[in-house]
1. Rg (Å, one decimal) plus Dmax (Å, integer) for the alpha carbons of the range 254-408?
2. Quick check: from the Cα gyration tensor, does the range 1-54 come out rounded (a/c under 1.5), prolate or oblate?
3. For the chain, with every protein chain kept in place, what is the accessible area per residue (1.4 Å probe, Å²)?
4. Using alpha carbons only, how many angstrom separate the centre of the range 359-388 from the centre of the range 62-87?
5. Using a 1.4 Å probe on the protein heavy atoms only, what accessible surface does residue 173 show? Give it in Å² to the nearest 10.
6. Ignoring ligands, DNA and RNA, how do 285, 254 rank by accessible area with a 1.4 Å probe, largest first?
7. Return the whole-Å distance between the Cα centroid of the range 303-323 and the Cα centroid of the range 202-264.
8. Using DSSP, restrict attention to beta bridges with both residues in the chain and report what percent are antiparallel, rounded to the nearest 5.
Amino acid sequence: MKVSDAIVQYLESKNITHVFGYPGGAVLPLYESLRTSTIEHILVRNEQSAAHAASGYSRSKKTTGVCIATSGPGATNLITGIATAYMDSIPMVVITGQVRTPMIGKDSFQEADITGATEPFTKHNYLVKDPSQMIPILQEAFYIASTGRPGPVLIDIPRDIFEAHATYEVPKEPDILGYKPTTHGHDGQVKKIIQRLKKARRPLIYAGGGIIQSRSETLLQEFSKKTGVPVVNTLMGIGSMPMDADEYVGMVGFHGNKLAQAVLNHADLVLIIGARMSDRATLNFKAISADTEVVHIDVDPAEIGKIVEHHVPVVGDAYAILKKLLDKTPALTQEDWIAEIKNMKTQNPVMTLEPSKTVNPKTALRILSKLTDDDTIITADVGQNQIWAAKNYEFSGTRSFLTSGGLGTMGYSLSAGIGAKLGMPSKQVISVMGDGGFQMFLSEMGTLAELDLPMIVLVFNNNRLGMVRELQDKAYGKGKTFGIDFQKNPDFIKIAEAYGIKGYRISSNDSLEKTFVAALKETQPTFIECVVDPEFDTL
Ligand SMILES: Cc1ncc(C[n+]2csc(CCOP(=O)(O)OP(=O)(O)O)c2C)c(N)n1
Ligand SMILES: [Mg+2]
């Protein structure tokens, strides 16, 4: 059969319901095969969005996302999306078209060395040279993307390979030399964790995005309940613990809360699970004091000892290890430690809600939190809007938070929201954005309108790059802002309406609740602009 047909057949066999892409000459044969497939192709407005949407789809549906672009500029437009997925360990298969095999290396029309360009931020990549290798490569790509520490895998396919013929044969199991992820976790190491846990007086769990990726939220919650061990999480770990749980302390890191930071500093044993101890989360690697005992659990051995000194390293999948820990650890209590944390809480009061003439974004997100379902998906962009969402929307129940944590890519939220809604249509999806990030990707309002997805796009409009203003204020003193103001922001409601999307503008806190209630009832895409004072901070 034709290789392009074989690719589509393989994708169908993997239960891929949607692929996100943008066509061009080099991928024409693949589009011709997709035309008659049961897979829905979502035409985005820029290739970067295809990668972000595939990421949102992957994260909501807990599967591998697929995006497609043509050779040259199509492929290079994907780069930021691929790097974004790589930094946050999102399983993704990226298919790019390439010029015909004999034309490679000749600076042909729309030729770009995308395997070379993405080598540093793909988990693996391939240039297909032999049609008979297409399906084995595709199978390997899905396997590598989704096993061990997940990540994006790119397959670059020359047009003549798409058009060639090969028999459709799927090998039994991918057997890849040098790639055998350790997942189960060494029993001896698990024993050591339990010994240390029994002796510890101030133990703490530090939960990262690995908890979410490995679907270990329930296990973590049960383990923390059984042992009484409190939990802090990173930005990527939001959703690993319901924020209203007794054992939940808060978010650590640059934008984290002071209590979580103080508790982390004071702990005598920290169990890091599925977190890479990034500079952001560890306040430039200073978060954990030198005399704290550290257990580091991660599926990627390269993360253990990369940044934080450890006493017990455990390589493996968070799910497998938490299961063992839950089964083998006796019930424990941490009464003194919990009392101490309660006391620390009074010294680190929660965020205040400043009065404001315009919308206070913190108030807005708290109201939204009260009105939305227990399994709502919030996709947040980057900037103040992201931190307002992370710190004020209550991630209780099985709510989830999808954001670009590692690369901090503006514009992620809208496309990721579309992908997330397609992956999980039954869930409420709200894309939170700033006016900057929204303008980078507002063309995706076209994709949203076409799909007619009932989701909310919520833009906090402060007419500037608010987070950069906040950073400039901190670094150089107030009043020295530069290069951050949008003096000619368009009328966003009119833009939404131009796409046929209903728009609401909220100018004061008084109308937040009423508008949110109305918007949440809509059965079509809805756009909400909240007018925000440009001087509002995230603190
Ligand atoms: C693609 C990209 N370019 C630049 C930045 C640097 N940056 C981080 S936050 C931010 C401001 C974002 O402004 P806006 O989207 O309006 O959000 P706000 O902070 O105002 O809520 C910028 C420019 C980035 N993270 N991503
Ligand atoms: Mg802004």
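1. For the range 254-408, the Cα-based Rg and Dmax read 17.9, 55 Å.
2. In terms of gyration-tensor shape, oblate.
3. For the chain, the solvent-accessible area averages 41 Å² per residue.
4. Answer, in whole Å: 27.
5. Number for this one is 140 Å².
6. Highest to lowest solvent-accessible surface, that is 285, 254.
7. 16 Å
8. Roughly 5 percent of the DSSP beta bridges within the chain come out antiparallel.
The values are calculated or read from the model by the stated rules, or taken from the named source; none is laboratory data. Treat the numbers as computed from the prediction; the structure is a model and nothing was measured. Every residue, glycine among them, receives a Cβ derived from its backbone with ideal geometry; neighbour counts consider all protein chains shown. The area values use the complete protein model at the heavy-atom level, side chains included, leaving out ligands, DNA and RNA. Shrake-Rupley method; radii C 1.70, N 1.55, O 1.52, S 1.80 Å.
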